[in-house]
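Note sheet for the following structure.
The values are calculated or read from the model by the stated rules, or taken from the named source; none is laboratory data. Worth saying up front: this structure is predicted, and the values here are computed from it rather than measured. Note: ideal-geometry Cβ built from the backbone for every residue, glycine included; neighbour counts use all protein chains shown.
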Amino acid sequence: MLKSQDCKGIKLLYVEDDKMASDAMVKIFSKFFDNITVAYDGQEGFEYVANGDFDLIVTDINMPKLSGMEMVKKIKKDLNKNIYTIMLTAYSDNHTFLESVELGVKGYVIKPLCITQFVETLKTAVGSINAIKKDEIVEHYNNIIVSKTDLEGKITFVNDKFCKISGYTADELIGKNHNIMKDPEASIDTFKNLWETITNRNIWVGQIKNIKKDGTSYRVDSTICPIVDDSGKIVEYIALRNDVSNIYDPIVVVQDLISYSQKPLLIMLKIENYYTLQKIYSANLITEMLKIFDKMLFTYLPIDLKMDSIINFDNGEFALFKDMQTNHIDIDKLEDFINQFQQNIEQGIIIVDEYDFDLSVIISFSTQKEQMLDNTQYGLSIVTQQNKTILCADHLIENVKDEAIKNTKTIKMIQTAINSNKVVSYFQAITNNKTMKVEKYESLIRIIDEDDNVISPYFFLEVAKESGYYSKLTNIVLENSFRALLKLDTEVSINLSAIDIENSIIRNHIISLLKRHKKDAHRVVFELLEDEQVRDFNVVKDFITLVKTYGVKIAIDDFGAGVSNFERLLDYQPDVLKIDACLIKHIDQDKYSKDVVETIQLFAWKQDIKTVAEFVETPEILKTVTDIGINYTQGYLLGKPMLLKDILDNK
């Protein structure tokens, strides 16, 4: 417990704008400190420090004139960057906490105060101040691990706490270098940075993993600083440590590394199929595999990509960190280095007992300090969505926020269009290649925005699916298309996705429309979109069987790309194949595209399935698809999408 004699000679500045809170806290401080100064705003607090010598600042954050954060920033910049500071705040947001860490704030206490916790925080502060102040070592602060070294780094003093945690006696440590406890896998650059910091008369703060005498490891939060004589000459170094082995949080570790770095690089990697491995192998086997993999990671790094730290997140994820301020990496070649790192992992084998683990990983990395950990972790979650195994996550969260703002505007546009009847259908002609007559029209959704711009579905359809407006749009398109059916003497093609078909409300709406337009239903073609994930094939197959009883034809859209396969044809029994634009747009120049389309056409001919070539925009493409035997053509060469009114006016 903190005692008043421990606090003798320590000058405390307490900054709080709330008079009642201030009076209550002073009563607590008075039990321990005999030298207390109270300031009632940040500006007054700064002026006290400018005109006096204080050892400890305890400050509220939200105050007039200067906030507590602004006051501390100004004090550490202009007056005393090493003054011990404790922040009091009613808010526990990460941004405020990280900002205080970057300022070197040593204590962070949430209001309303837990007095026991607060006194423990004061105890740590007093122990640190006394250990450094006037070169006095206070051994009876049992929560502080203390050591001193000479200018060559040899240990000259350790307290009992140091001996207890390390497993060594004082006699075994005095005269030895701290390397006796150094983790063999620790980065040389970390200790190089530490030594450069303290020899330049600055305080080094960070987390270190050490090895005990028995070979087990422990982690300590460390504050290491030089001790100078009256002339300002460094005479030795003192280190104060707190054992954090039992509260080791990899997220906090990484955040601390980032906050103390000027030029950070963070690489996050995840073992692919990790959760599958957990199901196959025992927990002990997986744990041992992760330990070996953790140790092997440094060996997989290319020579140009040496990292300072590896942090195991214990779920198949690992973080690798480096401060590039101390050891430069060629940023232009960074992705090449990471790619080589990934390949080295895939070429290696982890052997546990008689089992071989041939692992592969996905990687997300960032050199952007702001939101670095959030960016890289989010990057891991989306890297596979982009069909990649490596992703640069710089500005990822920022871009997601921008995308969210953009999506909000799109949703508003969709809502407005639905409410004001500005969801319309355009119709594009599909021409018979033998007669060159229009025999079909495809119904294509468009939105007319508030400025009368015609908006393509490319800009709103995916957002509509995510926001719950997709089914409303589909129902409007269905109504538009069946109204057009009554005014046209051709077939009308309507796009349907698996989302549409699996929605019972839309299915019922379609059947209702077919019944209502039974005599014209034979001119309806439903184009099934091939790029959709089908959850229940039986629902789709039953739907196809039912609508065909009304004379409806089934087309498969975008055939030849995405998930297209000939097995799907057995399920759908289509009447029409619409060949994807990616195979058509260069068919007059690309032999591969031509060969694939010829194969599709031959199959379709044998199965009595009609074919449509999409994206026909030049006479050369038209001639090629006609020569191959494609039945129909759709594209800007023969007709752009038009409103029904314009089509009827031109007839």
Quiz prompt | Every pair of residues 6+ apart whose Cβ atoms lie under 7 Å, when the first sits in region 627-647 and is part of a loop (DSSP other than H, G, I, E, B) while the second is of a type in the set (Asp, Glu) | solution = 634/442; 634/614; 635/614; 635/617; 636/617; 637/617
Quiz item: Out of all the residues in region 34-56, which are of a type in the set (Gly, Ala, Ser), buried (at least 22 other Cβ atoms within 10 Å of the Cβ) and part of a helix (DSSP H, G or I)?
Solution: 42, 45
Quiz item: Hey, any hits in region 462-477 for a residue that's under 15 Å from residue 426 (Cβ atoms), outside any loop (DSSP other than H, G, I, E, B), β-branched (Val, Ile, Thr) and under 39 Å from the mean Cα position of the chain (by Cα)?
Solution: yes
Self-check item: Residues of region 324-335 satisfying the condition of being assigned to a loop (DSSP other than H, G, I, E, B) and either surrounded by 14 or more Cβ atoms within 10 Å (Cβ to Cβ) or β-branched (Val, Ile, Thr) (or both)
Solution: 324, 326, 327, 329
Practice problem: May I ask you to list the residues in region 281-302 that are of a type in the set (A, V, I, L, M), without any contact (Cβ under 8 Å) to a residue 12 or more places away in the chain and out of contact with any helix residue (DSSP H, G or I) (no Cβ under 9 Å at 6 or more places or on another chain)? | Solution: 283
Quiz item: Of all the residues that make up region 220-241, how many are in a strand (DSSP E or B) and at pLDDT below 80?
Solution: 2
Quiz item: Among the numbered criteria (1) surrounded by fewer than 17 Cβ atoms within 10 Å (Cβ to Cβ); (2) in a helix (DSSP H, G or I), which single criterion is violated by residue 434?
Solution: (2)
Exercise. Sort out which residues of region 153-171 are without any contact (Cβ under 8 Å) to a residue 24 or more places away in the chain and either assigned to a loop (DSSP other than H, G, I, E, B) or more than 15 Å from residue 222 (Cα to Cα) (or both), and write them in order of number.
Key: 154, 155, 157, 159, 160, 163, 164, 169, 170, 171
Quiz item: Out of all the residues in region 401-422, is one or more touching a residue at least 60 places away in the same chain (Cβ under 8 Å) and of a type in the set (Gly, Ala, Ser)?
Solution: no
Quiz prompt | Residues (among the polar types (S, T, N, Q) and either closer than 19 Å to residue 582 by Cα or outside the structural domain of residue 477 (by TED's automatic domain parsing) (or both)) located in region 602-649 | solution = 611, 618, 624, 626, 631, 633, 634
Quiz item: What pairs can you find where one residue is in region 507-520 and free of Cβ contacts under 8 Å to residues at least 40 places away in the same chain, the other is assigned to a helix (DSSP H, G or I) and of a type in the set (Ser, Thr, Tyr), and their Cβ atoms are less than 9 Å apart, with a gap of 6+ or different chains?
Solution: 509/474; 513/481
Quiz prompt | Enumeration of residues in region 1-39 that are under 23 Å from residue 81 (Cα atoms) and either among the aliphatic types (A, V, I, L, M) or touching a helix residue (DSSP H, G or I) at 6+ places or on another chain (Cβ under 7 Å) (or both) | solution = 7, 10, 12, 13, 14, 15, 16, 33, 36, 37, 38, 39
Quiz item: Taking region 280-319, which residues are outside any loop (DSSP other than H, G, I, E, B) and either touching a Ser or Thr at 6+ places or on another chain (Cβ under 7 Å) or of a type in the set (S, T, N, Q) (or both)?
Solution: 284, 287, 299, 309, 312
Practice problem: Give me the pairs, please: first residue somewhere in region 424-453 and free of Cβ contacts under 8 Å to residues at least 12 places away in the same chain and closer than 21 Å to residue 477 by Cβ, second residue anywhere and surrounded by 21 or more Cβ atoms within 10 Å (Cβ to Cβ) and of a type in the set (Val, Ile, Thr), beta-carbon distance under 7 Å, and either six or more positions apart or on two chains. | Solution: none
Quiz item: Is one or more of the residues making up region 553-566 touching a residue at least 40 places away in the same chain (Cβ under 8 Å), of a type outside the set (Asp, Glu) and within 18 Å of residue 432 (Cα to Cα)?
Solution: yes
Practice problem: Please go through region 610-621 and pick out each residue that is among the β-branched types (Val, Ile, Thr) and either surrounded by fewer than 13 Cβ atoms within 10 Å (Cβ to Cβ) or within 16 Å of residue 440 (Cα to Cα) (or both). | Solution: 611, 612, 616
Exercise. Can you tell me which residue within region 345-368, out of those that are surrounded by fewer than 16 Cβ atoms within 10 Å (Cβ to Cβ) and in contact (Cβ under 8 Å) with a residue 60 or more places away in the chain, is farthest from residue 334 (Cα to Cα)?
Key: 353
Practice problem: Test each condition in (1) over 26 Å from residue 254 (Cα atoms); (2) modelled with pLDDT under 85; (3) touching a Leu at 6+ places or on another chain (Cβ under 9 Å) for residue 88 and report the one that comes out false. | Solution: (1)
